[in-house]
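The values are calculated or read from the model by the stated rules, or taken from the named source; none is laboratory data. Predicted model, so just to flag it, every value in this text is computed and none were measured. Please note: Cβ atoms are built from the backbone with ideal geometry, for glycine as well, and neighbour counts cover all protein chains shown.
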Amino acid sequence: MTEQTIASPVAPPPGARPSSLLRGERITSKIFVAALQSSCGLFLLIVAGLAAELVWGARLSLKTFGIGFLWSSHWNPVTEQFGAAPFIYGTVVTSLIALVLAAIVGILAAIYLAEFAPRWVGTYLGLLIELLAAVPSIVYGLWGLFVLAPIVANWIGPALQKTLGFLPFFKGPIYGVNVLTASLILTLMIVPTITAITRDLIAAVPMRNREAALALGATPWETAAKVVLPAVRRGIIGACLLAFGRALGETIATTMVIGNRPVISASLFAPGYTVASVIANEFTEATSDLYLSALIELGLILLVVSLIVIGIGRLMVRLFVR
């Protein structure tokens, strides 16, 4: 009679985890991924719901004025004639001026903090710049109204008119609350965004790139301008677009210093209006359905523009990080 051998179970290799533990980790991983996907989906639903609500609320204005609402300059609640052109113009002009000024100051400050400043100066000065982003907009508005507006009316405006008065942008009477004052306030508000992001991007450039340029005889400024900045140009553009999106949607500070007059004027010394400001000022005064619908349509326009700008900025930053 032949002996029957009984197969013994194969022992797991040393260091292997039990299958039950592996199954538990896989379940936990799936739950974690599902939670992440649900969070992202929730944000998408919120944005989609906000856009749908704005479209529904603006349906009467969309039906009444059509696409002409975008370039009409009439805003008269008494006769119910509404147009968004003065507000779009004021929003774009103030935001673009703020972006140009903030980009120049912010990029230069970031280069200094990351490349040339002593470590203790870079640490504390960088912290102070970033703290500007935490200042409430109402504080910026009060400071702009009581401090910056008189400076613009008595010093900056006359100086610009004396040197550049031949340009249409610096002609006419100088008001303290005007497009220029609003642009300067927005500049101060978005500088921390550009400076902080640009400084971090510059600090992430490998040191070997700088050492190679210096070894070839480049000066520190040439290294920063021709080696470091080109390496992070996409990220800098993304930071500027993010700051531009912040400037487009700013409400309280610009409302207090822009003058709130729905006209299109080439002069930066004239009062103006922005989309966010007119919504904040007149929403509680909207007594008719068409008036309220026109204000909601302005909000829809601002939402679309802001989403486009912020989306482009985030995409460029993501491409740079990759």
Can you name every residue in the range 161-180 that is in contact (Cβ under 8 Å) with a residue 40 or more places away in the chain and either touching a strand residue (DSSP E or B) at 6+ places or on another chain (Cβ under 8 Å) or assigned to a helix (DSSP H, G or I) (or both)?
-> 161, 168, 169, 170, 175, 177, 178, 179, 180
Residue among 283, 269 that alone is surrounded by fewer than 18 Cβ atoms within 10 Å (Cβ to Cβ) and either under 30 Å from residue 160 (Cα atoms) or hydrophobic (A, V, I, L, M, F, W, C) (or both) | 283
Just one of (1) closer than 14 Å to residue 99 by Cβ; (2) modelled with pLDDT under 90; (3) touching a Ser or Thr at 6+ places or on another chain (Cβ under 7 Å) trips up residue 238, so point out which.
-> (3)
Can residue 152 be described as over 19 Å from residue 243 (Cβ atoms), modelled with pLDDT of 90 or more, in contact with a Ser or Thr (Cβ under 7 Å, 6 or more places away or on another chain) and not small (Gly, Ala, Ser)?
-> yes
With respect to residue 233, is the statement that it is surrounded by fewer than 16 Cβ atoms within 10 Å (Cβ to Cβ) and at pLDDT below 90 true?
-> yes
From the list 290, 302, 298, pick out the single residue that is surrounded by fewer than 22 Cβ atoms within 10 Å (Cβ to Cβ) and not acidic (Asp, Glu).
-> 290
Restrict the check to the range 155-177 and report whether at least one residue is under 17 Å from residue 244 (Cα atoms), surrounded by 13 or more Cβ atoms within 10 Å (Cβ to Cβ) and among the β-branched types (Val, Ile, Thr).
-> no
When you go through 101, 113, 132, 127 one by one, which is the residue that is touching a Gly at 6+ places or on another chain (Cβ under 7 Å) and either part of a helix (DSSP H, G or I) or among the aromatic types (Phe, Trp, Tyr) (or both)?
-> 113
How many residues does the range 216-259 hold that are of a type in the set (Gly, Ala, Ser) and touching a helix residue (DSSP H, G or I) at 6+ places or on another chain (Cβ under 6 Å)?
-> 9
Lone unmet requirement of (1) outside any loop (DSSP other than H, G, I, E, B); (2) over 29 Å from the mean Cα position of the chain (by Cα) for residue 145 = (2)
Kindly indicate whether residue 42 is out of contact with any Cys (no Cβ under 6 Å at 6 or more places or on another chain), more than 30 Å from residue 291 (Cα to Cα) and assigned to a helix (DSSP H, G or I).
-> yes
Test residue 117 against the stated conditions and say whether it is closer than 22 Å to residue 177 by Cβ and either without any contact (Cβ under 8 Å) to a residue 40 or more places away in the chain or in contact with a Ser or Thr (Cβ under 6 Å, 6 or more places away or on another chain) (or both).
-> no
Within the range 144-154, which residues are without any contact (Cβ under 8 Å) to a residue 24 or more places away in the chain and crowded, with 16+ Cβ neighbours inside 10 Å?
-> 153
So which residues in the range 232-283 are more than 22 Å from the chain's Cα centre (by Cα) and assigned to a helix (DSSP H, G or I)?
-> 281, 282, 283
Has the range 121-135 got at least one residue that is surrounded by fewer than 17 Cβ atoms within 10 Å (Cβ to Cβ), touching a helix residue (DSSP H, G or I) at 6+ places or on another chain (Cβ under 8 Å) and within 20 Å of residue 237 (Cβ to Cβ)?
-> yes
Selected residue (only one of 42, 50, 62, 70 is more than 27 Å from residue 264 (Cβ to Cβ) and in contact (Cβ under 8 Å) with a residue 24 or more places away in the chain) | 50
